[in-house]
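The values are calculated or read from the model by the stated rules, or taken from the named source; none is laboratory data. Note that the structure is predicted; figures quoted are calculated from it, not measured. Ideal geometry is used to build each Cβ from the backbone, glycine not excepted, and the neighbour counts take in all protein chains shown. For accessibility, only protein heavy atoms count, side chains too; no ligands or nucleic acids. Shrake-Rupley method; radii C 1.70, N 1.55, O 1.52, S 1.80 Å.
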Amino acid sequence: SIVLGHCTSAGLSVCVTHHKTMRVCIFLLLLCAGASWALICRQVAGRMKQIDTSNGQVFAVDLRGNVFTRRGEFWARVPGNLGHVTVGAAGVWGVGRDQKVYKLVDGSWAIMAGLLKQIDGGGNQIIAGVNAGNNVFCSNKRDTVRAAHFFTPVYKHIRGKMKYYSCGSHTCWGVNPSGYIYCRLHVKPVFCLGSHWLRVNGQFRMVEVGTDGTVYAIDLHWRVFRRVGISAARPQGIRWVHLNFIGRRFRHVTADLGTLWLVELNGNLIRCQ
């Protein structure tokens, strides 16, 4: 069957095609400037609860906490059991269900300092995350790169309460317990604290910043949005654009090098390029 969407105020035209057992979706995003952004999306084998990607690497955690990495078109099991995994310039990090922090060192998970419920390594060789009390922490580049045992890294406390926090090369974004979203400005490798929070419109469940600075978020209704208009002069961007997947609901999103990965509520994976 073929379902054709129409160009709405959100600026999205959709065509969904079902071909045998392969689901293929074609999305055309029309920007205000008249430019277009096309995505071809396919459902990928596997069921995950969380996924992260950076510089061509993809790591994911399934519904049982098993960890996987992408090898070509297949998933390869990584020893260990985690609640959340992240990959970036800072390496591969994760947090267990007991909120202990781990770093992949020489193929094995080494226990690091701290307790976090969510962690992100997408910044410029910094890591950041939030704990069970929604307190936000980060580690500067020097400490992050050198981290290799239980007493490392050294964390800095960022004022404010966030339930999810994600970093790119120049900014970090956070979602507070009420769902309000903020951009953390002037984040640097030697100063991961940044300068201050800038409130951005909208309410969301989680947000992810790609290696290239693109920002995607899942709203309270499990819908996917992309922040457009991001630049060095305006790091918070201009507006949100809804990616209308025709009724599909998502729990997680991540993006890297032009590829968008989405996790549906039931764990199904969709990859868009």
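What are the residues in region 56-82 that are more than 17 Å from Leu262 (Cα to Cα) and outside any strand (DSSP E or B), if any?
Arg64, Gly65, Gly72, Leu82
Listed here are the residues, each with its yes/no results for (1) open to solvent by less than 50 Å² (accessible area, probe 1.4 Å); (2) modelled with pLDDT under 95.
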residue	(1), (2)
Val200	yes, no
Val209	yes, no
Tyr216	yes, no
Trp222	no, no
Arg227	yes, no
Ile238	no, no
His242	yes, yes
Gly267	yes, no
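Tell me, yes or no, whether region 129-152 has at least one residue that is surrounded by 20 or more Cβ atoms within 10 Å (Cβ to Cβ), aliphatic (A, V, I, L, M) and over 21 Å from His252 (Cα atoms).
yes
Among residues belonging to region 48-62 that are within 17 Å of Arg251 (Cβ to Cβ) and either modelled with pLDDT under 95 or not aliphatic (A, V, I, L, M) (or both), point out the one that is most open to solvent (accessible area, probe 1.4 Å).
Applying the filter and picking the extreme gives Lys49.
With the requirement that a residue be over 24 Å from Ala89 (Cα atoms) and surrounded by 18 or more Cβ atoms within 10 Å (Cβ to Cβ), what does region 252-265 give you? Show your work before the answer.
Taking region 252-265 first, the residues over 24 Å from Ala89 (Cα atoms) are 264-265.
Scanning region 252-265 gives a single hit, Glu264.
Of the residues Val200, Val228, Val224, Val190, which is over 17 Å from the mean Cα position of the chain (by Cα) and more than 18 Å from Asp120 (Cα to Cα)? Spell out how you get there, then give the answer.
Numbers: Val228 fails: over 17 Å from the mean Cα position of the chain (by Cα); Val224 fails: over 17 Å from the mean Cα position of the chain (by Cα); Val190 fails: more than 18 Å from Asp120 (Cα to Cα).
Every option except Val200 fails the conditions.
Output the qualifying pairs, or none if there are none: Cβ atoms under 6 angstrom, residues six or more apart or on different chains, first residue in region 223-243 and without any contact (Cβ under 8 Å) to a residue 12 or more places away in the chain, second residue part of a loop (DSSP other than H, G, I, E, B) and open to solvent by less than 30 Å² (accessible area, probe 1.4 Å).
Gly229/Gly237
Could you figure out which of (1) exposed (fewer than 15 other Cβ atoms within 10 Å of the Cβ); (2) over 23 Å from Val87 (Cβ atoms); (3) modelled with pLDDT of 95 or more isn't true of Val190?
(2) is the only condition that Val190 fails.
What are the residues in region 91-137 that are under 24 Å from Lys188 (Cα atoms) and polar (S, T, N, Q), if any?
Of everything in region 91-137, those that are under 24 Å from Lys188 (Cα atoms) and polar (S, T, N, Q) turn out to be Gln118, Asn124, Gln125, Asn131, Asn134, Asn135.
Among the residues of region 76-124, write down those that are open to solvent by 60 Å² or more (accessible area, probe 1.4 Å) and of a type in the set (Val, Ile, Thr).
Scanning region 76-124 gives a single hit, Ile111.
For region 110-119, does any single residue satisfy the condition of being under 27 Å from Lys156 (Cα atoms), within 20 Å of the chain's Cα centre (by Cα), modelled with pLDDT under 95 and not in a strand (DSSP E or B)?
Within region 110-119, not a single residue is under 27 Å from Lys156 (Cα atoms), within 20 Å of the chain's Cα centre (by Cα), modelled with pLDDT under 95 and not in a strand (DSSP E or B).
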